Each structure stands twice: as structure tokens, then as C-alpha cells.
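This report refers to the structure that appears directly beneath it.
The values are calculated or read from the model by the stated rules, or taken from the named source; none is laboratory data. Keep in mind the model is a prediction, meaning the values are calculated, not measured. Cβ coordinates were reconstructed from backbone atoms using ideal geometry, including for glycine residues, and neighbour counts include every protein chain displayed. Accessible surface is based on the protein model in full, side chains and every heavy atom, while ligands, DNA and RNA are left aside. Shrake-Rupley method; radii C 1.70, N 1.55, O 1.52, S 1.80 Å.
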Amino acid sequence: MRSSRSSVSRALGPVALAALLLIPGTAAPAGAAEEADSPSLPGMPVTLADGRPCTPASAKRSAQVPWAQSFLGIDRAWELSRGAGVKVALVGTGADPARVPALKGRVTGGPDVVAGGTVRDDCVGYGTFLAGIVAGARQPGLKAAGVAPEAEVVAVRATDRYGATTPGALAEAIRAATASKARIVHVALSVPSAPKELKAAVRAAQEAGALVVAPASAREWESGAGAPDAVNGPAYPAALPGVLAVSSVGPGGAPEENGTVKGRRTQPVLSAPGVSVMGPGPGGRGQFVGRGDAVAGAFVAGTAALVLSYHPRLTADQLAHRLESTAYGAVGDAPDADLGAGIVDPVRALSAVLPEELARPPAGPKSAAAPAVPPLDPPHMRNSALAVAGSATGLVLLVAFLAVVLPRGRRRGWRAGRTSGPVTETD
């Protein structure tokens, strides 16, 4: 037996080795291959110090695919939806659609509740950056694009020239966003308190059928130049009932390390890319790199637009439930302290059939809660896993074939074997 195994091993050695070399590497963990977007791009500020000039246009662009776009499988989601017919209101520092080609035809200026009139520019640039993540168009020579490039974005300014806001201004801006008939309201700002007027504005938006999205933390506004020492506590409007609080993750899908996040923070409901993210900025065709929970919120708002366009009959509560239950890493009812229900998954949010949506309701008492949808790997990881599985299966069949055929062929001197019956020749 030992000599037989040795001969088979010698026969298979070179062929099996060659086959092994054809197999791609094992699928990497989600996002492990992603790296931060080009560090040569200028950073996008969240606020400006008083007296500082407006953020200048960027003269740099990157032709690479943004890590967040690849990580979330945005291109695959576009096979089902691009957000057509959905309006997203972005409450922030304004927008610069007239001078930014990626925003033309997609982003319009709404009310400026601080200075009055209509939004036509963006001194800080952060609102322009976020609008590009939600619905920016792909530009010639570039691969970056917004999550929902066919959605409509209305930019409502709730800040002064330098990016500062108040609970009262935020409340008025949310009311303006609701009046625009937006189905999704991304409040890309955070304040330390929620007076009655802010609570009422959020409640009115929800009663009008809008999904309200907000950053889970206020650290971006508390860590700027001249900002007071960070104070622990909730961030608003994220901490208000029914608001979809979003936290940020970096390349690879990991949240920022404990101890690096200081300041007001609310338990997140969902998470999304929000570190080293590439996007457009004010003043022209150039690109920037930005970060923050508001950036993560823009990815969630864009994904919500994709889903609402594909499932137009969803209510705001049903939309939020779909986003949460299809998130990558969504397991059970206990949310993660850093990620909430998990990382938003656009492809699965569009395509999954939730238990309560099945033609036949699940067995058991009607009052029983529907089980959470088990998580799937991100789209790019699924493709890699399928490729590896296919190659491995091919190798197993090849090895099995050679293990049987080579020894028998050698014993017969490579003569044709006997058939089980007569062979009939045909013309």
C-alpha cells in the first residue's frame, strides 16, 4: 500500500502543484484590501475658524475607485437602482452646484435659514462634499460617484458662513427640508441639546413620512479651532426617537479605536464608511478627502434613496427596518456599541426578502417578532469567495481524476481499455 501511495504521489506531484498555482488566494476579510483614498488630496474641513477664508477649490483629482464605493459594492447596487424619483434633503453648510460639475442637475439650493434667501454657495465646502457622496455624477476620467446618482438633493443651510449652528437654526432648517417634500432628511450637523422646537421639527418630519438621518457624534464640531473641551453626553438630533443615528468606519470596516472618539455621542443605529473618504468639493472639478459621522450618514442617506426608489411603497419606518436588518453584521437584537446594527449593505438592502415580506407568515404566534435577516459578506467578498470555491472544486476533481487514471494508464502501457459492449461506427 505504501509503494502504491508513493507512486500516485509522484505521478500527481507536478500536475497538482501546477493546479494549485492557478488557484487565487483565499478571500480576505471584508474590506481588508481597501486602503485610504489618495492622501495627496486636500482635506475637507467641517468648520472654519472665524475670519478664515472660504475653502479653496482643489486642483487635484484621483482616478482610483474610492475605497468606500468598492467596499459597499455600489456598482452592483446600480444594477437594481440608482435612486431615481427620490428627493433627499441635506441640512448642512449649503452646496455649490453651479461650479461643481458632479452636482449639476442633481443638487439644488434650498432655503438658507440663517442668512436668508436661497443657497447658492458653500464657504466651508462640507455640504458640497456630502451632496456629492449622496448623488454626485461620475465625471469623465474618474471612477468616483455618489451612492444614488439619479436622486435629487436639496441643500438647506443651517449654519453661518463658518459652519456654526444652533438648535433653533437646525429646527428651522429641518422644517424647511420637510416642506420640500423630501422623503429622506440627512441632518449633517449636531448640537448638544434639543429644545422643544428641535424635537417638534424632527417629529413633524417623521409624521410627514420622512426618514431622518443624523451623525451619532458631535466630535467634528467639538474638536475644531477654538472649540471648548469635549463634554460627554448625547448628540442631537441623533438621540431623538426614530432618528437613524450613524457612526463611521474606516477602510476595512473597523470603527475608530476606543479612546480616539471623544465628545458627545449617541448609540449608533447603523454605521457606514466615514474615514478617508473621497468626494467633490466647492469651486470646481477637484476632489477632497473627508471624514466624520456625517459622511457616514451621507452613505446611509444615499442607500436609503436607492432602496426607496426600488421599493417606493415603503414607509419611513419600514425603510429604516430594511436598512438595519440587512446591515452587514446584523445579528440578534443587541446593537454593537460602535457599529449599531452593522455596516449598511446597499446590495442586500435592495434585494433581500425579509421574513415579514414572505407570502406565508412564519409559523408561531402572530405577536412574535420577525427574526433578523442573517448577515451576508460584502458583495466584493462574496465574488472572491465564489471564485475560490469554484477553483477549489476544480482542483478536487482534477486530483481525483489523475489519482485514478494515471495508475491505470501506466499498468495498461497506455493501451485503450476494454469497453463494456460493442462499438458501433457511424458516418
Practice item. Starting from the residue with the highest accessible area, list Cys123, Cys54 in decreasing order, probe 1.4 Å. Key: Cys54, Cys123
Revision key, fill the gap. Expected field for Glu357, accessible surface area in Å² at 1.4 Å probe radius, rounded to 10, holds 80
Revision key, fill the gap. 1/(1 + (r/R0)^6) with r = Cβ-Cβ of Arg203 and Ser40, R0 = 41 Å, i.e. FRET efficiency to nearest 0.05, evaluates to 0.35
Review point. Along the stretch 278-284, what does the Karplus equation 6.51 cos²θ - 1.76 cosθ + 1.60 (θ = phi - 60°) give for ³J(HN,Hα), rounded to whole Hz, x for Gly and Pro?
Key: 8, x, x, x, x, x, x
Check your understanding: Based on the mean of other beta carbon atoms within 10 Å per residue, what is the order of 69-77, 45-53, 139-147, most packed first?
Key -> 69-77, 139-147, 45-53
Exercise for review: Please list 245-252, 209-216 highest first by mean number of surrounding beta-carbon atoms within 10 Å per residue.
Suggested key: 209-216, 245-252
Practice item. Report the full-extension gain for the segment Asp75 to Arg313: residue separation times 0.36 nm, less the Cα-Cα distance, to one decimal in nm. Key: 83.3 nm
Review point. Efficiency by 1/(1 + (r/R0)^6): what FRET value for His321 and Lys196, r their Cβ-Cβ distance, R0 = 35 Å, to the nearest 0.05?
Key: 0.80
Point to revise | Rounded FRET efficiency, nearest 0.05, which uses the C-beta distance separating Val353 from Ala49 and R0 of 41 Å | key: 0.20
Practice item. Evaluate the distance, in nm, between pseudo-label points positioned 7 Å from the Cα of Arg99 and of Ser62 along their respective Cα→Cβ axes. Key: 2.3
Study note, to complete from the structure: Burial-style ranking of 57-66, 319-328, average other-beta-carbon count within 10 Å with highest first, yields 319-328, 57-66
